[in-house]
Amino acid sequence: MQINYQETSKDLLKRIDIHEKYGARDIDKWNIEVLNPQPGNKILDVGCGAGKQCFLYSDYTKGQADITGGDFSEELLSKAREKLSARGDKNIMFQFLDFNKSFAFPNNSFDFLSSAFAIYYAADLKFTFTEAQRVLKPGGRLFVTGPLPENKQMFYDIIKEASNQPIPPMPGSSRFKGDIFNTIDSIFSKTELLTFENPLTFPEVQPFVDYVRASLSEDRKLWTSMFNNKEEYENLIRKIEQVATRWFTRDGKLVMTKVVGGILAIK
């Protein structure tokens, strides 16, 4: 199934900032606990964006792991390289990587491959995860994170009330436990699904609206059933803000729980 999806780096970085500012739990800590990267590991992060995971692994291994970050967005790769230059890590390399095409690495290259909220948008899941399996060493691990169907339910409930329309299918959450898990399970020797919950508590309405804007920007192709131009987009945002304000007045806060799945597989 072809996924028509594009997100601007500005929107992505805004959402990451909001997660970190208002979240009760640290998904980076969870990631490290699951993977426990070690000095000497060779690591590939697919859909690395601005390099967040790569820098996390480098810090944890004190610069003693060999880390490659790959992404399709030259804009995000540029940001990653800027930060790399400022940090001075010698063990990290960033390069262009289109996960819909063959990975430019030999067989059995990496100890583990991670992909946070990215690789599951692949057009052909079997092809992409077969490539992931190919470049891993025997016994190597794959760790893919993404939203589960129950993810940020409040966000969708408010949009549904504001728009009086059904929520369009989300290619991550709508198929993470199904197509994505089953595809990985058919390719790898052992597969398990882990769960991470992180409640985001907004002390006022505006940061929630900022999150909504970052999620429903005109560059998002997933929401075209609700808006097709800037006027329709702004009209929807106004309605969402009105509903969110009513909820906030009623409850004294807005709590949106991120429910993230982690598929951990072994070659």
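Table for the structure above
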item	result
Equivalent ellipsoid, the chain (semi-axes from 5 times Cα gyration tensor eigenvalues, Å)	33, 20, 18
q = 0.14 Å⁻¹: log10 I(q)/I(0) that the Debye formula gives for segment 1-152, counting C-alpha atoms only	-0.68
Cα long-axis angle, helix 230-251 against the chain (0 to 90 degrees, to the nearest 10)	80 degrees
Distance between modelled label sites at ILE266 and GLU192, nm, 7 Å Cα→Cβ extension	0.9 nm
Taking VAL243, VAL135 and counting other C-beta atoms within 10 Å, the order from fewest to most	VAL243, VAL135
Neighbour-count order for PHE55, PHE208, fewest beta carbons within 10 angstrom listed first	PHE55, PHE208
Degrees, to the nearest 10: 74-87 long Cα axis against longest axis of the chain	70 degrees
Alpha carbon convex hull of segment 64-136, volume per residue in cubic angstrom	94 Å³
Eligible aspartates and glutamates near LYS230 by straight Cα distance, threshold 18 Å, same-chain separation 8 or greater	GLU7, ASP11, ASP210, GLU218, ASP219, GLU241
Mean-position separation - Cα centroids, segment 46-92 and segment 231-267, in angstrom	30 Å
Segment 100-211: Cα Rg divided by the 2.2 N^0.38 Å rule of thumb	1.31
Descending semi-axes in Å of segment 117-167, equivalent ellipsoid built from Cα gyration tensor	35, 12, 6
Cross-link table LYS21/LYS160; LYS10/LYS221; LYS101/LYS177, entries beyond 21 Å C-alpha to C-alpha	LYS21/LYS160; LYS101/LYS177
Potential extension, LYS101-GLN206 segment - 0.36 nm per residue separation minus Cα distance	33.8 nm
FRET efficiency, ARG250 to TYR156 (Cβ-Cβ, R0 25 Å, nearest 0.05)	0.90
Pairwise FRET efficiency - ASP26 versus ASN228, Cβ, R0 = 45 Å, nearest 0.05	0.75
Proxy reagent accessibility, fewest Cβ within 10 Å first, across MET154, MET256	MET154, MET256
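Every number in this text was worked out from the coordinates using simple rules, so none of it is lab data. What you see is a predicted model; the values in this text were computed from it and never measured. Every residue, glycine as well, gets a Cβ built from its backbone with ideal geometry; the counts of neighbours run over all protein chains shown.
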